[in-house]
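Throughout, read-outs are computed from the coordinates displayed, never taken from laboratory work. As the structure is a prediction and not an experimental result, all values here were calculated from the model.
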Amino acid sequence: MMKCRRLCLDCYNNLMSVILNVKLALPTGSFSLTDYVGVRREFTIRRRLDPVGIFIEAEENKEFGYKFAVHGELACNQRVLTQQLLEKSEAWDNYVLCHNK
């Protein structure tokens, strides 16, 4: 019988990296945006390596905050994928601004 255990995200990514022979190129990080009413919103970037691809999420540092995500193939350019996430979050701010005027 196989025993299951919980892994932190870093440990999970390290295990998947060995199994899939793929390395996450960039460390986790953070960024901030100022929304249309001038509220500064802080986001933490998390990366998850999975057999179906690479997931990158930006989650606001507060309960019930905003969350953005992108997905790429295992062999994708991870810098480009991260840039897509940042562009997606900036596009959201523009969308909110345009629709609340």
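Ignoring everything except DSSP H segments at least 4 long, calculate the 222 nm mean residue ellipticity for the chain; use -39,500 (n - 2.57) per segment, divide by total residues, nearest 500.
-11500 deg cm²/dmol
Test of understanding: what is the full-extension gain from LYS67 to ASP35, defined as 0.36 nm times their sequence separation minus their Cα-Cα distance?
10.1 nm
Gain in length, THR28 to GLU59, computed as 0.36 nm per residue apart minus the alpha-carbon separation, to one decimal in nm?
Contour length minus Cα-Cα distance gives 10.0 nm.
Please enumerate, by chain and number, the aspartates and glutamates with C-alpha under 16 Å from the C-alpha of LYS23, excluding those fewer than 8 residues away in the same chain.
Result set, ordered by chain and number: ASP10, ASP50, GLU73.
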